[in-house]
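Presented below is the structure to which this report refers.
The values are calculated or read from the model by the stated rules, or taken from the named source; none is laboratory data. Because the structure is predicted, anything quoted here is derived from the model rather than measured. No Cβ is skipped: glycine too gets one built from the backbone with ideal geometry, and neighbour counts run over all protein chains shown.
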Amino acid sequence: MAIRTAVIPAAGLGTRFLPATKSVPKELMPIFDTPALQYVMDEAIGAGIEHLVIVSNVAKPGLEQYLVPSADVVRRVAASGREELAERLGRIGSTVSTSIVYQDQPRGLGHAIGCARAAVGGEAFAVLLPDEIMGDSSLLMQLAAQHDATGSSAVGLKRVPPEEVSSYGCVTTTAAPDANGVVQVTGVVEKPRMEDAPSDIIIIGRYVLDAGIFDVLDGLAPAPSGEIQLTDALLERALIGRLTGIVSDIERHDTGTPFGWLEAVIELTLKREDVGPRLKAWLESRFR
Ligand code: UTP
């Protein structure tokens with residue numbers, strides 16, 4: 001069955017991005033002129049998603065404002081000669097529906113996803129973390145196909161240098177990935193110390209989860225940090241043989257920290273046909 005709904009958890013406080021996040025949600029920080037959230041929504045829509053569920057926080061009204069369909073803005077973008085962007089923006093509220101649900105406090109990623117339960121309904125769904133920007137929709141589509149084939153939850157995975165493992169969820173697998181990168185995940189540990197990490201494979205922010213995960217999340221005790229961790233729910237799935245992963249080399253930008261965001265701004269702007277050549281020339285002139 002096709003995955004129709006995607007949850008985008010965006011209720012965190014973005015403390016690593018202070019002071020900007022005093023007033024600007026991290027998810028709306030622009031990559032040149034287009035918010036990170038727009039990139040992530042476009043990725044979901046490109047994978048065939050019809051319903052976007054944004055988990056927000058009442059302290060972040062900008063998110064709501066961004067999601068209001070605005071024919072006037074679309075018209076102005078089109079009038080400025082950016083037809084393709086106007087078409088992208090115009091889909092929100094017309095062919096793609098959006099729902100906003102609220103998390104009262106940032107009580108962890110697992111808790112945030114749990115807040116989307118009623119909006120998702122009883123179907124499998126995708127999750128996209130909006131502080132990771134992928135080059136395209138391919139990984140999400142592969143994860144959906146993997147879920148379709150097995151009925152198990154599926155997570156995006158990536159090999160990273162050992163020193164990076166401790167910033168992410170890290171997985172144990174029984175065998176090497178197959179030719180398509182598919183691997184059975186048998187264990188998950190959140191942010192292990194480098195010396196304790198079970199592998200060099202981390203979970204990246206793309207998931208397709210079975211609807212039963214909501215019951216698992218409901219039954220979880222908070223981690224020592226006080227947060228309900230998605231990792232703990234994934235571990236439960238892994239231990240009963242219901243978690244697969246796809247090891248991917250997809251282009252990925254982690255915009256959750258100021259430096260990662262800056263790298264993404266430069267890399268993604270260099271790729272743009274309209275402003276990339278100008279940025280390249282300016283950078284070259286700076287270092288000549
Ligand atoms: P992060 O941990 O990267 O975001 O969560 P954060 O908590 O906002 O950042 P810092 O650590 O304070 O700098 C990944 C995604 O999950 C959302 C965040 O908004 C972010 O998009 N999230 C996280 C929630 O929606 N609720 C939470 O309780 C935690």
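Just checking, how many residues over the stretch 201-218 are farther than 27 Å from Met141 by Cβ and part of a loop (DSSP other than H, G, I, E, B)? Residues that pass the stated criteria total 0.
Please report, ordered by residue number, the helices (runs of 4 or more DSSP H) entirely within the stretch 72-120 with at least 3 residues that are closer than 19 Å to Met41 by Cβ and of a type in the set (A, V, I, L, M, F, W, C). If you could, list the steps in order and put the result at the bottom.
Values: elements: 83-90, 109-114, 117-120.
The helices (runs of 4 or more DSSP H) meeting that bar are 83-90, 109-114.
For the stretch 9-26, a tally of residues being more than 11 Å from the ligand (Cβ to nearest atom) and outside any helix (DSSP H, G or I) returns 3.
For (1) in a loop (DSSP other than H, G, I, E, B); (2) touching a residue at least 12 places away in the same chain (Cβ under 8 Å); (3) under 30 Å from Cys115 (Cα atoms), each residue gets a yes or a no:
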{"site": "Ser199", "(1), (2), (3)": "yes, yes, no"}
{"site": "Leu220", "(1), (2), (3)": "yes, yes, yes"}
{"site": "Leu234", "(1), (2), (3)": "no, yes, yes"}
{"site": "Arg237", "(1), (2), (3)": "no, yes, yes"}
{"site": "Ile266", "(1), (2), (3)": "no, yes, no"}
{"site": "Thr269", "(1), (2), (3)": "no, yes, no"}
{"site": "Arg272", "(1), (2), (3)": "yes, yes, no"}
{"site": "Ser285", "(1), (2), (3)": "no, no, no"}
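Taking the stretch 27-52 as the search range and keeping residues that are of a type in the set (Gly, Ala, Ser) and not in a helix (DSSP H, G or I), which one is farthest from the ligand (Cβ to nearest atom)? Show your work before the answer.
In the first step, residues of the stretch 27-52 are kept if they are of a type in the set (Gly, Ala, Ser); the result is 36, 44, 46-48.
Then drop every residue that is not not in a helix (DSSP H, G or I), which leaves 47-48.
Numbers: Ala47: 18, Gly48: 22 Å.
Looking at the filtered set, the residue picked out is Gly48.
Has the stretch 249-258 got at least one residue that is in a helix (DSSP H, G or I), under 21 Å from Pro19 (Cα atoms), in contact (Cβ under 8 Å) with a residue 12 or more places away in the chain and within 18 Å of the chain's Cα centre (by Cα)? Within the stretch 249-258 (the criterion being in a helix (DSSP H, G or I), under 21 Å from Pro19 (Cα atoms), in contact (Cβ under 8 Å) with a residue 12 or more places away in the chain and within 18 Å of the chain's Cα centre (by Cα)), the answer is yes, since at least one residue qualifies. Is it the case that the stretch 249-262 has a residue that's in contact with a Phe, Trp or Tyr (Cβ under 6 Å, 6 or more places away or on another chain) and hydroxyl-bearing (Ser, Thr, Tyr)? Checked the stretch 249-262: at least one residue is in contact with a Phe, Trp or Tyr (Cβ under 6 Å, 6 or more places away or on another chain) and hydroxyl-bearing (Ser, Thr, Tyr). Are any of the residues in the stretch 89-112 buried (at least 20 other Cβ atoms within 10 Å of the Cβ), among the aliphatic types (A, V, I, L, M) and at pLDDT 95 or above? Yes, the conditions are met somewhere in the stretch 89-112. Taken over the stretch 81-109, residues that are aliphatic (A, V, I, L, M) and more than 15 Å from the ligand (Cβ to nearest atom) amount to 5. Based on what the data block shows, is Gly226 away from the ligand (no atom under 16 Å from the Cβ), touching a residue at least 40 places away in the same chain (Cβ under 8 Å) and either under 26 Å from Arg107 (Cα atoms) or part of a loop (DSSP other than H, G, I, E, B) (or both)? No.
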